[in-house]
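A short worksheet on the structure shown next.
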Amino acid sequence: MNYKRFLSVLCTAVLCMTASGFTSDSLSVEKDKEYWINRYSSVSYPVKTLKVSSTFGVRKDLFTKKKASHNGLDLKANYENVYSMFDGIVEKVGSDKRSGNYVMMRYGAFTVSYCHLSRKYVNVGDTVWAGDAIAVSGNTGRSTGPHLHLTVRKNGQLYNPHTLLLYIKKVKKECIAALGGEAAAMEPWSCSDFISRYAAMAMDHQKRYGIPASVTLAQMALESDWGQSELAINGKNYFGIKATRKWVADGKPFSEHDDEKRNEKFCNYASVEESMEHHSKLLTSKHYQRYCAFPATDYQNWLRGLIKAGYASGKGYVASCEKIIRQYNLHKYDIIGNKL
C-alpha cells in the first residue's frame with residue numbers, strides 16, 4: 001500500500017469516526033508537512049462554490065406542491081464540473097427518471113450519489129481521488145433547473161449530506177491551521193483572484209497583439225473553469241486549444257480529452273504564459289483576422305468574430321463570455337490596456 005493510499009484509508013476511517021460522533025483530535029498530533037498536505041488533499045467540496053438550494057428532510061415538493069421527504073441536498077450548479085468529495089471507487093453509473101444521469105461513489109462505509117448530471121467522466125470500477133472532476137452538473141431527470149443533488153448513505157441508510165460538507169470544512173480548517181499560508185495557496189482561487197493574477201498579462205497581450213484584455217480573460221475563465229479544469233491544471237492549456245496534425249507531427253506535447261468527440265487531442269504547455277502566447281498568435285493569424293479586425297475596445301464584435309471564425313461551436317459561447325466580462329467589469333482592462 002503506497003503512502004497516498006494509506007492516507008486515503010486513514011481519512012476514510014476518520015470520516016467514519018467523525019460521522020459517528022468521534023473527533024479526529026486524537027489522530028492529529030503530527031505536524032509533518034507532507035501529512036497535512038496529503039490530508040488537505042484528501043477532501044474536496046463537490047462544486048466550486050457551495051450554495052444550498054434545498055436541504056435534507058421534509059420540504060414542499062416542487063412538482064406536487066405537497067410536503068414530502070427530500071432524501072438529499074441540492075446545491076446550485078449551472079453546468080459546471082462536479083468533483084469527488086473523497087478518494088473512492090465508482091460503484092455505479094446510470095440514469096433514471098428521477099435522478100437523471102448520476103454517478104454513485106463508494107467511500108468506505110459511505111456512498112454518495114451525484115445526480116441530475118449533464119455529462120459523466122467516469123466508469124464503474126474507476127479509482128478516483130478527492131478533487132477529481134467526475135461529471136458536469138445539469139438538469140436531467142426530475143428537475144426544475146440545473147443543479148447538483150447529493151444523496152448520501154452510510155451502511156445503506158440515508159444520511160444528511162450536510163454532515164459530510166461540515167466534515168470537509170473541518171478538515172480544511174485543521175490543515176490550514178497546521179500549514180499556515182501553504183494551505184491557503186492550495187485552495188482554488190476565487191474568480192477575483194484569478195482575474196487579478198492574469199489581468200496584467202492580458203493587458204500586455206492587448207498592447208502587443210491588439211486583442212481585448214477582456215476577451216482574453218473571459219475566454220481563460222470559461223475555457224479553463226477558472227483554472228480548475230483538468231486540461232488547465234495538468235496541461236496548462238487555459239484556452240481549450242486543440243492540437244493540430246502539425247502540432248502532433250512536430251512532437252509537441254498534447255493530451256486526450258472527450259469534447260465534441262471522444263479522445264480529442266489538446267495542446268499542452270509548459271506554463272500559462274506559453275498558453276496565452278499561443279492563443280494570441282492564433283487569434284492574430286490571417287484566418288482569424290478576417291473576422292476579428294476590430295479595435296481592442298470592441299469586445300462584443302471580437303467575440304462574435306471568434307464564433308464566425310470557428311473558435312467555438314457552443315451556441316451560448318458569446319453570451320457566457322459577455323456575462324463574465326460584465327459581471328467582473330473586465331472592459332476596464334481594455335480601456336487601461338489601450339493607454340499603455
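The values are calculated or read from the model by the stated rules, or taken from the named source; none is laboratory data. In this text, all values refer to a predicted model and were calculated from it rather than measured experimentally. Quick reminder, even Gly has a Cβ in these numbers, built from the backbone with ideal geometry, and neighbours come from all protein chains shown. Note: areas computed on protein heavy atoms with side chains; ligands, DNA, RNA excluded. Shrake-Rupley method; radii C 1.70, N 1.55, O 1.52, S 1.80 Å.
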> When we measure straight from the Cα of residue 246, which lysines land under 20 angstrom away, once same-chain ones fewer than 8 places off are left out?
Replying inline: 236, 261, 265, 281, 286
> Taking only C-alpha pairs under 8 Å that are 6+ residues apart, what is the relative contact order of the range 231-286 in percent?
Replying inline: 38 percent
> For residue 335, what charge total do you get from the other residues with a beta carbon under 13 Å from its beta carbon, if Lys and Arg give +1 and Asp and Glu give -1?
Replying inline: +1
>> Positive end of the dipole of the chain, charges at C-beta (+1 Lys, Arg; -1 Asp, Glu), about the Cα centre: which of 213, 57, 79 has its Cα farthest in that direction?
In response: 57
> How high is the relative contact order of the range 55-207, in percent, with contacts defined as C-alpha pairs under 8 Å that are six or more residues apart?
Replying inline: 22 percent
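Could you give the Stokes-Einstein D for the range 200-340 in µm² per second, using the C-alpha Kirkwood radius, 10 °C, 1.306 mPa s?
On the way: Rh = 15.3 Å.
Result for D is 104 µm²/s.
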> How big is the convex hull of the Cα atoms of the range 94-187, per residue, in Å³?
Replying inline: 123 Å³
> Once amide H atoms are placed 1.01 Å from N in the peptide plane, what residues at a sequence separation of 5 or more from residue 132, or on another chain, have their amide H within under 5 Å of its amide H?
Replying inline: 84
> Taking the highest mean first, how do the peptides 282-291, 127-136, 166-175 order by number of other beta carbon atoms within 10 angstrom per residue?
Replying inline: 127-136, 166-175, 282-291
> Roughly speaking, what % of Cα-Cα pairs in the range 204-280 are separated by over 18 Å, rounded to a whole number?
Replying inline: 39 percent
> Under 5 Å between amide H atoms, partner at least 5 residues away or on a different chain: which partners does residue 119 have, H built in plane at 1.01 Å?
Replying inline: 136
>> Taking 8 Å as the Cα distance limit and 6 or more residues as the minimum spacing, I'd like the relative contact order of the chain as a percentage.
In response: 13 percent
> Using a Gaussian network for the chain with springs between C-alpha atoms less than 10 Å apart, which of these wobbles most: 137, 224, 271?
Replying inline: 271
> Per residue, how much accessible area does the range 158-260 have with a 1.4 Å probe, in Å²?
Replying inline: 48 Å²
> Running Debye on the range 283-336 with equal point scatterers at the Cα sites and no solvent, what base-10 log of I(q)/I(0) appears at q = 0.31 Å⁻¹?
Replying inline: -1.20
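Give me the percent of accessible area attributable to carbon and sulfur for the chain, probe 1.4 angstrom. Present the calculation step by step, with values, prior to reporting the outcome.
Details: 8940 of 17320 Å².
Answer for the chain is 52 percent, counting heavy atoms of protein chains only.
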>> Under 5 Å between amide hydrogens, which residues at least 5 positions from residue 239 or on another chain qualify, with H placed 1.01 Å from N in the peptide plane?
In response: none
> Taking one equal scatterer on every alpha-carbon of the range 146-258, how large is log10 of I(q)/I(0) by Debye at q = 0.13, 0.14, 0.18 1/Å?
Replying inline: -0.79, -0.87, -1.08
